[in-house]
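Contents: one structure, followed by commentary.
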Amino acid sequence: MIRSTSPVAELGVRAATPPALMVGMFLFFAGHNRPGGGFAAGLIIGAVVALRWMVGLRTTVVPSQLMAAGIVIVAGVALAPVLFGSVVLDQAVWSTSLPVLGKVKAGSAAIFDIGVSAIVVGLVIAVIDGLSPATTSAPEGQSS
Amino acid sequence: MTTLVPLLVVGPLLAAALALAARSLGRLRDAITLITLFGVALGALILVLSVNRSGPVVVRLGGWHPELGIVLVADLFAALVLLSATATVLAVEVFSIGQRKTVWAASPDLVGPLLLVLTGGVSLAFLTGDLFTLFVAFELILVSSYVLLTHQGRSGQVRSGMSYVVMNLFASTLFLFGLAFVYASTGTVNMALLSERVPELSSGTQLGLGLWFFVVFGTKAAAFPLFSWLPDSYPTAPTTITAVFAGLLTKVGVYSLIRFHTLTRMDELGPIVLIVAGATMLVGVLGALAQNDVKRILSFHIISQIGYMLMGLGLFTVAGVAGAVLFLVHHIPTKTLLFLVGGMIEDEYGTSDLDKAGGLAARRPILGLLFAIPAMSLAGLPPFSGFVAKLSLIRAGIEAQSTLIVIVALVVSALTLLSMVKIWLGVFWGVDPRDEPTELSSPQARMLMTSATGAAIVGTLLVAVLAGPLWDMSLAAAESLLDPSGYATEVLR
């Protein structure tokens, strides 16, 4: 832990957080047609969480609940087409014209990706939680 | 049917999320887990009946053509093994609810959700129609198994968990390389397309791919010589976890081996597979004979049994592959059961060391019966399921005139029986080495564990009773495996 000794590190991480999240967001939306996607975005956001943890900025998110929510979203999007008489994992695409952005296309795959990101971020937080000295219990004696 | 097949994969994963969210509400979590596992087993049964009547079910996820997208294929082989596997997981979950009252219990709020993730991964591995999804399924299984193996954090578990993780990551890395090779040489990872394109490659490339994946899946299946991670890590986990691993994990490797090598017509590899099969059988059983601990003996047996399945594949005849399919179906529940009984022995004595146990037959005759039936079945004594499976393998071996492997298989059978007798002598006969037996678990917990094991034993007896129709199905499965053009037309249509 470097929290108590280095305000510079903390300030640096605080300042780096918004741009890093922007990169994550960019990857998330780029992933539809180019390299990127929910998984890569989740890793970036997870890295941000890990960095913030290093300088003592903890999150209060319960990782298991975040992962559970992610899986529910993913499974829900995967199974939803069945209700409309289509095959599993089929997707719907809506496109519309907006004033500034021009033609905008949105697919239900984006919701799927949100779920993927949630699972990845949840996993990263769970790993950090597991490694953190506050929650790690001493190993039990000599049992094997 | 086109909804049921993906549901068998997505259902357990969705339920895992719900069980994870409800993990502090014990009853709700258990209800979600049990109902889902029951539903998945029931779904697998329906799938077997449907596939047997009206042919394989092919589902194109998202409606994409197999050239571009992912397909799930439920043929007879996949459906049969899936039924065997899911029914086994269900029995283990009931057992683990009973075991919770004992000191051996795995942490319940983790086991429920992770067992479901594992089940989802196993379903995906059996049902997937392309190699990359198979890789994803392997990772899904491995990630949940890493946690299940080491979550209690005892020093022995973490140490042997390391070798498990390293060995499996090594195999996964090789798998990824193999995927790159396959894609580079054929331009696809879809298994139906591979079955058409791999035989067109030059014979050197074919052999290279076949050997590469033999190493990958062989490591996952704990075949000789890459088996030592298994008996090292399995016995350290809590009983229920070991039981699931013993029944399912290596068998996913064997399943993939049979699937890949028959689809791509790797007949040339037959002799090599047979040599590995013989060595696996022998090393496994000799290892078992040298051990002095119930769980370790049983762990070594897993290895020797893997040899039998490889033998069926190595013959590359319809009878041989059918024998391997039947052996797989019989082995999953039987092996799991033996570990469950091993867990109950441990619960009785506080250890599974043979020297510190004895005289159990007099005190718990039912436990003796529960051990004897799967033990004799595993050794291959009639009239149990193991006899049917082994007989069909031996006959296939004789038909194919592979005398040496038949002799090895018979000798190993006898040695298997010998090591089972060793457990029997050590645990059930003789006198109890303790002055006064202490009760480690409540009668209620024992009751639940005994009935779960008993119900599962009835299941394995059913395998023997239904041997006729099961053999017919195995034959049909083997025929379509060895003639992959039917599979390819079905998928690509």
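At-a-glance table
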{"item": "Leading residue by the ranking (farthest from residue B:150 (Cα to Cα)) among those in the stretch B:213-239 that are within 14 Å of another protein chain (Cβ to nearest Cβ) and among the small types (Gly, Ala, Ser)", "result": "B:233"}
{"item": "Any hit, the stretch A:89-103, residues being part of a helix (DSSP H, G or I), more than 10 Å from chain B (Cβ to nearest Cβ) and without any contact (Cβ under 8 Å) to a residue 60 or more places away in the chain", "result": "no"}
{"item": "Residue match in the stretch A:67-88 (condition: touching a strand residue (DSSP E or B) at 6+ places or on another chain (Cβ under 8 Å), within 14 Å of another protein chain (Cβ to nearest Cβ) and among the hydrophobic types (A, V, I, L, M, F, W, C))", "result": "yes"}
{"item": "Residue selected from the stretch B:3-16 under the condition facing another protein chain (nearest Cβ under 7 Å) and in contact (Cβ under 8 Å) with a residue 12 or more places away in the chain, by the criterion surrounded by the most Cβ atoms within 10 Å (Cβ to Cβ)", "result": "B:16"}
{"item": "Residue that is under 16 Å from the mean Cα position of the chain (by Cα) and of a type in the set (Ser, Thr, Tyr), where the choices are B:133, B:119, B:128", "result": "B:119"}
{"item": "Single residue of the stretch B:17-34 satisfying the filter (more than 9 Å from chain A (Cβ to nearest Cβ) and in contact (Cβ under 8 Å) with a residue 12 or more places away in the chain) that is surrounded by the most Cβ atoms within 10 Å (Cβ to Cβ)", "result": "B:33"}
{"item": "Residue match in the stretch B:133-148 (condition: farther than 20 Å from residue B:235 by Cα, touching a residue at least 40 places away in the same chain (Cβ under 8 Å) and within 13 Å of another protein chain (Cβ to nearest Cβ))", "result": "yes"}
{"item": "Residue among B:418, B:466 that alone is free of Cβ contacts under 8 Å to residues at least 60 places away in the same chain, out of contact with any Gly (no Cβ under 9 Å at 6 or more places or on another chain) and surrounded by fewer than 17 Cβ atoms within 10 Å (Cβ to Cβ)", "result": "B:466"}
{"item": "Test: residue B:45 is part of a helix (DSSP H, G or I), at pLDDT 90 or above, within 22 Å of the chain's Cα centre (by Cα) and surrounded by fewer than 20 Cβ atoms within 10 Å (Cβ to Cβ)", "result": "yes"}
{"item": "Among the candidates B:74, B:78, B:41, residue that is more than 9 Å from chain A (Cβ to nearest Cβ) and touching a strand residue (DSSP E or B) at 6+ places or on another chain (Cβ under 7 Å)", "result": "B:74"}
{"item": "Conditions (1) of a type outside the set (S, T, N, Q); (2) within 23 Å of residue B:330 (Cα to Cα); (3) touching a residue at least 12 places away in the same chain (Cβ under 8 Å); number of the one not met by residue B:49", "result": "(3)"}
{"item": "Matching residues, the stretch B:48-101, being polar (S, T, N, Q) and more than 26 Å from the chain's Cα centre (by Cα)", "result": "B:54"}
{"item": "Which numbered condition residue B:323 misses (of (1) within 19 Å of residue B:232 (Cβ to Cβ); (2) in contact with a Gly (Cβ under 6 Å, 6 or more places away or on another chain); (3) not aromatic (Phe, Trp, Tyr))", "result": "(1)"}
{"item": "Filter result (under 18 Å from residue B:321 (Cα atoms) and more than 22 Å from the chain's Cα centre (by Cα)) within the stretch B:377-395", "result": "B:395"}
{"item": "Hey, residue B:459 surrounded by 19 or more Cβ atoms within 10 Å (Cβ to Cβ) and part of a helix (DSSP H, G or I) or not", "result": "no"}
{"item": "Selected residue (only one of B:187, B:153, B:210 is within 14 Å of chain A (Cβ to nearest Cβ) and of a type outside the set (Asp, Glu))", "result": "B:153"}
{"item": "Positions within the stretch A:54-80 being farther than 20 Å from residue B:15 by Cβ and buried (at least 17 other Cβ atoms within 10 Å of the Cβ), in sequence order", "result": "A:55"}
{"item": "Considering residues of the stretch B:59-89 that are at pLDDT below 90 and not in a loop (DSSP other than H, G, I, E, B) only, the residue surrounded by the fewest Cβ atoms within 10 Å (Cβ to Cβ)", "result": "B:63"}
{"item": "Long-range neighbours under 9 Å by Cβ, at least six apart or interchain, first residue over 18 Å from residue A:113 (Cα atoms) within the stretch A:17-28, second surrounded by 13 or more Cβ atoms within 10 Å (Cβ to Cβ) and at pLDDT 90 or above", "result": "A:17/A:48; A:20/A:44; A:20/A:45; A:20/A:47; A:20/A:48"}
{"item": "Segments classed as helices (runs of 4 or more DSSP H), wholly inside the stretch B:285-382, with at least 2 members that are under 19 Å from residue B:454 (Cα atoms)", "result": "B:318-349, B:360-363, B:365-379"}
{"item": "Tally of residues being charged (D, E, K, R) and crowded, with 20+ Cβ neighbours inside 10 Å across the stretch B:134-149", "result": "0"}
{"item": "Boolean, residue B:50 is surrounded by fewer than 23 Cβ atoms within 10 Å (Cβ to Cβ) and either of a type outside the set (Val, Ile, Thr) or within 14 Å of chain A (Cβ to nearest Cβ) (or both)", "result": "yes"}
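The values are calculated or read from the model by the stated rules, or taken from the named source; none is laboratory data. Everything numeric in this text was worked out from a predicted model, so none of it was measured. We place every Cβ from the backbone using ideal geometry, glycine too, and count neighbours over all the protein chains shown.
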